[in-house]
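Nothing in this text is a laboratory measurement; each read-out follows from the coordinates by a stated rule. Since this is a predicted model, take the numbers as computed values, not measurements. Cβ: placed from backbone, ideal geometry, glycine included. Neighbour counts: every protein chain shown.
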Amino acid sequence: MTRSLTVAVVASLLLLMHAQPAAAADSPVGSWVKKTEAGKPAMTLEIEQWSPGKAKLTWHIPKANMELTLVTALDGSFAPLLMGGKPSGETMSIKIVDKLHTATIVKMNSKPFGTSKATFSPDYKTMTVENDFAESLGGNTAGKTTEVWTRK
């Protein structure tokens, strides 16, 4: 199974869920598409308001027939990343830095293996995620990568 730890970075950016869903132009709430690279599966991300102070993130990876879900408090606490509704062994800590930035720590089986920083454009039309993974785990490549997501 392949999945991108970029998801972690994206999750980090999605922590900006403080805005109301009706104001999607002023928040990350909505549908996002990751620009693809050769050999990488196309991915979409749905960001929903879960409740005050929480967000629900769902990544769809059609080529792998995979769905990943994370419900986060956006306060830096760790939450499980579910694959097809079941724990994957991966957890993420997403913290809102400010209105346009999030920071994420990713663990696999309680062992930290990567970080992500997400930046939303002021108009919330693009999200750039910078990943830094110490190991190749959970379908993620070790090293530094940058992902660009655009709003659908």
Original post:
Near the amide H of residue 66, under 5 Å away, which other amide H atoms are found, from residues 5 or more places off or on another chain, if H is placed in the peptide plane?
Top reply: 61
Original post:
What lysines sit close enough to residue 111 to cross-link, taking a C-alpha to C-alpha distance under 21 Å and skipping anything fewer than 8 places away on the same chain?
Top reply: 86, 95, 144
Original post:
Counting only residues 5 or more places away or on other chains, whose amide H sits under 5 Å from the amide H of residue 135 once H atoms are built in the peptide plane?
Top reply: 143
**OP:** Sequence neighbours fewer than 8 away in the same chain don't count; with that in mind, list the aspartates and glutamates whose C-alpha is under 18 Å from residue 54.
**Re:** 26, 46, 75, 98
Subject >> Summed side-chain charge close to residue 115 - residues other than residue 115 whose Cβ falls under 13 Å, Lys, Arg +1, Asp, Glu -1 >> reply: +1
**OP:** Before anything else, pin down the relative contact order of segment 94-152: Cα pairs under 8 Å, at least 6 apart, normalised by residue count, whole percent.
**Re:** 24 percent
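Residues with beta-carbon under 13 Å from that of residue 30, excluding residue 30: net charge, scoring Lys, Arg +1 and Asp, Glu -1?
Neighbourhood net charge equals 0.
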